[in-house]
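Below is the structure I would like to discuss, written out as structure tokens.
The values are calculated or read from the model by the stated rules, or taken from the named source; none is laboratory data. Remember, it's a predicted structure, so these values are computed and weren't measured experimentally. Cβ atoms come from the backbone with ideal geometry, glycine included; neighbour counts cover every protein chain shown.
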Amino acid sequence: MLKTFQIKTKRHAEMQDITSNLEEWIYESGVEEGILVVTSLHTTAGITVNENADPDVKTDMLMRLDEVYPWDHTKDQHAEGNTAAHLKTSTVGHAQTLIVSEGRLVLGTWQGVYFCEFDGPRDRKYQAKLIASE
């Protein structure tokens with residue numbers, strides 16, 4: 001099963017928790033055991049798994065990525081001017097593979113799945129492929 005999700009980002013850089021959207025879809029599918037692959041359909045937005053209890057984790061991650069990949073680096077040559085967003089996406093990754101067990105994502109106590117926007121705000125898409133096991 002493949003599903004395309006729509007997401008609207010509100011800021012230039014942000015991390016939106018998409019865990020509940022994915023878990024709702026898994027529940028509706030009736031799949032109890034399997035694998036879920038989640039992928040961003042963009043070169044300037046990624047998918048990651050990280051802490052979802054303390055919002056400062058998102059703030060710190062975005063701040064540190066900005067430190068490593070500043071938006072206005074004088075040596076960047078990409079004509080669109082968003083080299084930093086491409087680098088951040090490659091660092092975070094465009095996809096995550098997750099285990100589904102007993103109809104739920106297998107995540108640690110504090111973990112969530114995030115859509116990471118690095119060149120917003122924009123209307124974005126991400127896809128999830130649910131592969132049921134027997």
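Can you give me the number of residues within segment 57-96 that are of a type in the set (A, V, I, L, M) and either in a strand (DSSP E or B) or surrounded by fewer than 17 Cβ atoms within 10 Å (Cβ to Cβ) (or both)? Let's see the steps before the verdict.
Of segment 57-96, the ones of a type in the set (A, V, I, L, M) are 57, 61-63, 65, 68, 79, 84-85, 87, 92, 95.
Next, only the ones that are either in a strand (DSSP E or B) or surrounded by fewer than 17 Cβ atoms within 10 Å (Cβ to Cβ) (or both) stay: 57, 63, 68, 79, 95.
Residues that pass the stated criteria total 5.
If a residue must be closer than 14 Å to Ala95 by Cβ, in contact with a helix residue (DSSP H, G or I) (Cβ under 9 Å, 6 or more places away or on another chain) and of a type in the set (A, V, I, L, M, F, W, C), how many such residues does segment 1-48 contain?
So the count comes out to 5.
Search segment 4-29 for residues being small (Gly, Ala, Ser) and touching a residue at least 60 places away in the same chain (Cβ under 8 Å), and hand back the single one that is farthest from Arg104 (Cα to Cα). So that I can check it myself, show each step before the final result.
Initial filter on segment 4-29 (small (Gly, Ala, Ser)): 13, 20, 29.
Checking which are touching a residue at least 60 places away in the same chain (Cβ under 8 Å) leaves us with 13, 29.
Values: Ala13: 29, Ser29: 11 Å.
Selected residue: Ala13.
Condition check ((1) in a strand (DSSP E or B); (2) basic (Lys, Arg); (3) in contact with a Gly (Cβ under 9 Å, 6 or more places away or on another chain); (4) modelled with pLDDT under 95) across all residues:
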site: Phe5; (1), (2), (3), (4): yes, no, no, no
site: Lys10; (1), (2), (3), (4): no, yes, yes, no
site: Leu22; (1), (2), (3), (4): no, no, no, no
site: Ile26; (1), (2), (3), (4): no, no, yes, no
site: Thr43; (1), (2), (3), (4): no, no, no, no
site: Val49; (1), (2), (3), (4): yes, no, yes, no
site: Ala53; (1), (2), (3), (4): no, no, yes, yes
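Restricting the first residue to segment 100-112 and requiring it to be over 14 Å from Ile47 (Cβ atoms), which pairs with a second residue that is of a type in the set (Asp, Glu) and crowded, with 16+ Cβ neighbours inside 10 Å meet a Cβ separation below 7 Å and a spacing of at least six or different chains?
Pairs found: Arg104/Glu23; Trp110/Glu51.
Follow-up question, since we're still on this one. Which condition from (1) closer than 14 Å to Glu117 by Cβ; (2) hydrophobic (A, V, I, L, M, F, W, C); (3) within 12 Å of the chain's Cα centre (by Cα) is the one that Val49 breaks?
(1)
Hey, could you check segment 90-107 for residues that are out of contact with any strand residue (DSSP E or B) (no Cβ under 9 Å at 6 or more places or on another chain) and not acidic (Asp, Glu) and say which is nearest to Asn21 (Cα to Cα)? If you could, list the steps in order and put the result at the bottom.
Filtering segment 90-107 down to residues out of contact with any strand residue (DSSP E or B) (no Cβ under 9 Å at 6 or more places or on another chain) leaves 102-104.
Then drop every residue that is not not acidic (Asp, Glu), which leaves 103-104.
Working: Gly103: 14, Arg104: 12 Å.
Selected residue: Arg104.
Quickly run through segment 32-56 and pick out the residues that are crowded, with 17+ Cβ neighbours inside 10 Å and small (Gly, Ala, Ser).
Gly34, Ser40, Ala45, Gly46
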